[in-house]
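Novice: Here it is: the structure, laid out below.
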Amino acid sequence: MTLIPADDTFAARLRQSLPEAVLRAPEPRYLEEPRGRWTGQCGLLALPRTVEEVSTLVTAAAEARVPVVPYGGGTGLVGGQVMPEGPAPLVVSLERMAAIRGIFPQENVLIAEAGAVLADVQAAAQEAGRLFPLSLAAEGTARIGGNLSTNAGGTGVLRYGNARDLCLGLEAVLPDGRIWHGLSRLRKDNTGYDLRNLLIGAEGTLGIITAATLKLFPRPAGEGTALFVVPDPQAAVDLLALARDQMGEGVSAFELIAGQGLHFLAEHLPDIRQPFATPPKWCVLIEVGLARGLDPEAALADLFELALACDLTSDGLIAQSEAQRAAFWSVREHIPIANRRVGAISSHDISVPIGRIPEFITRGGEVVAALGDFRLNCFGHLGDGNLHFNVFPAPGRSRDEHANQSDAIKRAVHDLVHAMEGSVSAEHGIGRFKVDDLTRYGDPVKLEAMRAIKTALDPAGIMNPGAVLRG
């Protein structure tokens, strides 16, 4: 079905049924994405304040066959929030729907509108003496609706799961404009198909999430953070198993850091204080959160002694204050920023079974080396099998010199991931950047089912066209 742009005629129609402040002229910040791969387009920008206004917008778009692009914080890394081709869409930003509708500490539940910034949700939970554990680098600007639409991951997945695992219910506007009132606070509800999990991870292609019921957790009585030097990725995997044997679910984060990333930091962000005088080839950042009566620093010290005896580590630092803990995390969180300063030729957000991570890193290095002289920075969430495996030019050379090789590098890395029973999109989603990858590596039956669902819910194809599935 042919779509039409969100033009002046469409805008005039909407102005008859919406407050004047809802509709805006397009602004450049809604047409950009962080990595600069695409520039989007926008015929009309809408900033609704209520779910009813979202419903009015989508109903009109469905009747007029105008494409709709939902917009959260704009922090997505695969282009799901911008539409560079086709008829200029209606961009619907949820930023004015940012209220915390309710907190129920005894139930460990919080209800937030989709435009609530992740950091504000974390703060609201903390004020109630609870923890909302979703944590990622963009949490100061990312919004809950986008986090759920992309099934965001982050550093706490090892213990608490992805965004999908932190959601009990949703309120959403479907592609025909109807409102689904699904803000359940129940943890058990076996009443048919799970529309919540259908919309989570759909990247706005099946509707617009407008609010969510989120799971909270008791705050750990004590938290501890450490950096351990490890000889290689296999030792890191073995150390993870040892840590979980010792502390069980108390291990809340386990991050792998490569020496190359530390060298990038020293070169491009020298103000970031590095914990080791000489950057090790490999190290891991461990965070634990333990119950009352348990000493996290002592638990980490015991873990270090065990790891040392097993030749899994040769050096380590245990944070002795909140400032030291923040400094350790600052190193990890600034690695992606240093990467951008260097300029990656090809970046890969992948996952493989945890036990195969060492093999993947070795074989991945060989695959990339066969294509030319490159540097690798492999880092990420080892505890849940998610690595950021990024390829950079050799010293003295630039990304632009290798522009004609980026597709070949991506294909070679993703072929290896697929062969090793992994995923070519671990936490960033499909967006527009990985549509071809989904087609190439996705299970045919799954893809057919996905298209059937898309056709059933959005027969006109107005919701975020071009994202996730090829039109």
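Novice: Between G222, G192, which is crowded, with 17+ Cβ neighbours inside 10 Å, more than 19 Å from the chain's Cα centre (by Cα) and of a type outside the set (D, E)?
Specialist: Selected residue: G222, the only one of G222, G192 that is crowded, with 17+ Cβ neighbours inside 10 Å, more than 19 Å from the chain's Cα centre (by Cα) and of a type outside the set (D, E).
Novice: OK, next. Whether any residue in segment 71-85 is in contact with a strand residue (DSSP E or B) (Cβ under 6 Å, 6 or more places away or on another chain), in a helix (DSSP H, G or I) and among the aliphatic types (A, V, I, L, M) is what I want to check.
Specialist: Within segment 71-85, not a single residue is in contact with a strand residue (DSSP E or B) (Cβ under 6 Å, 6 or more places away or on another chain), in a helix (DSSP H, G or I) and among the aliphatic types (A, V, I, L, M).
Novice: I'd like to know if segment 298-317 contains one or more residues that are within 13 Å of A226 (Cα to Cα), open to solvent by 30 Å² or more (accessible area, probe 1.4 Å), in a strand (DSSP E or B) and among the hydrophobic types (A, V, I, L, M, F, W, C).
Specialist: yes
Novice: If I filter segment 165-176 for residues that are among the β-branched types (V, I, T), open to solvent by less than 10 Å² (accessible area, probe 1.4 Å) and at pLDDT 95 or above, do I get at least one hit?
Specialist: Taking segment 165-176 first, the residues among the β-branched types (V, I, T) are 173.
From what's left, open to solvent by less than 10 Å² (accessible area, probe 1.4 Å): 173.
Add one more test, that the residue is at pLDDT 95 or above, and what stays is 173.
Within segment 165-176, one or more residues are among the β-branched types (V, I, T), open to solvent by less than 10 Å² (accessible area, probe 1.4 Å) and at pLDDT 95 or above.
Novice: Please work out which one of (1) closer than 22 Å to E27 by Cβ; (2) open to solvent by 40 Å² or more (accessible area, probe 1.4 Å) is the condition E107 fails and give its number.
Specialist: Checking E107 against (1) closer than 22 Å to E27 by Cβ; (2) open to solvent by 40 Å² or more (accessible area, probe 1.4 Å), the one that fails is (1).
Novice: Would you list the strands (runs of 3 or more DSSP E) that sit entirely within segment 318-411 and hold 1 or more residues that are without any contact (Cβ under 8 Å) to a residue 40 or more places away in the chain and either crowded, with 16+ Cβ neighbours inside 10 Å or within 22 Å of the chain's Cα centre (by Cα) (or both)?
Specialist: Answer list for segment 318-411: 374-381.
Novice: I've got another one for you. I need a count of the residues in segment 257-278 that are more than 20 Å from E223 (Cβ to Cβ), surrounded by 15 or more Cβ atoms within 10 Å (Cβ to Cβ) and touching a residue at least 60 places away in the same chain (Cβ under 8 Å).
Specialist: Summing the residues that are more than 20 Å from E223 (Cβ to Cβ), surrounded by 15 or more Cβ atoms within 10 Å (Cβ to Cβ) and touching a residue at least 60 places away in the same chain (Cβ under 8 Å) in segment 257-278 gives 9.
Novice: Another question about this same structure. Suppose we keep only residues that are among the basic types (K, R) and in a loop (DSSP other than H, G, I, E, B) within segment 166-221. Which one would you say is farthest from I462 (Cα to Cα)? Reasoning before the result, please.
Specialist: Quick first cut of segment 166-221, residues among the basic types (K, R) only: 178, 185, 187-188, 196, 215, 219.
Restricting the remaining residues to those that are in a loop (DSSP other than H, G, I, E, B) gives 178, 185, 187-188, 219.
Numbers: R178: 14, R185: 31, R187: 33, K188: 33, R219: 42 Å.
Ranking the candidates gives R219 first.
Novice: Collect the residues in segment 416-435 that are open to solvent by 30 Å² or more (accessible area, probe 1.4 Å) and either at positive phi or free of Cβ contacts under 8 Å to residues at least 12 places away in the same chain (or both), keeping them in residue-number order.
Specialist: A419, E421
Novice: Mind listing whichever residues of segment 24-72 are surrounded by fewer than 21 Cβ atoms within 10 Å (Cβ to Cβ), β-branched (V, I, T) and touching a helix residue (DSSP H, G or I) at 6+ places or on another chain (Cβ under 8 Å)?
Specialist: Passing the criteria: T39, T56.
Novice: Which residues, counting only those in segment 4-17, are in contact (Cβ under 8 Å) with a residue 12 or more places away in the chain and open to solvent by 20 Å² or more (accessible area, probe 1.4 Å)?
Specialist: Residues of segment 4-17 in contact (Cβ under 8 Å) with a residue 12 or more places away in the chain: 4-7, 10-11, 13-14, 17.
If the condition is that a residue be in contact (Cβ under 8 Å) with a residue 12 or more places away in the chain and open to solvent by 20 Å² or more (accessible area, probe 1.4 Å), then I4, P5, D7, R13, S17 are the ones that fit.
To keep it simple, each residue is scored yes or no on (1) touching a Gly at 6+ places or on another chain (Cβ under 7 Å); (2) at pLDDT 95 or above.
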site: L3; (1), (2): yes, yes
site: A12; (1), (2): no, yes
site: E33; (1), (2): yes, no
site: A46; (1), (2): no, yes
site: R49; (1), (2): no, yes
site: V54; (1), (2): no, yes
site: Y71; (1), (2): no, yes
site: A88; (1), (2): yes, yes
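Novice: Follow-up. Pull up segment 119-162, narrow it to residues that are touching a helix residue (DSSP H, G or I) at 6+ places or on another chain (Cβ under 7 Å) and free of Cβ contacts under 8 Å to residues at least 24 places away in the same chain, then point me to the one that is surrounded by the most Cβ atoms within 10 Å (Cβ to Cβ).
Specialist: By that ranking, first place goes to E139.
Novice: Here's a follow-up. K281 passes all but one of (1) surrounded by fewer than 21 Cβ atoms within 10 Å (Cβ to Cβ); (2) within 14 Å of F328 (Cα to Cα); which number fails?
Specialist: Every condition holds for K281 apart from (2).
The values are calculated or read from the model by the stated rules, or taken from the named source; none is laboratory data. Predicted model, so just to flag it, every value in this text is computed and none were measured. Glycine also receives a Cβ, built like all others from the backbone with ideal geometry; neighbour counts cover every protein chain displayed. Side chains are part of the model used for accessible areas, which takes the heavy atoms of the whole protein and leaves out ligands, DNA and RNA. Shrake-Rupley method; radii C 1.70, N 1.55, O 1.52, S 1.80 Å.
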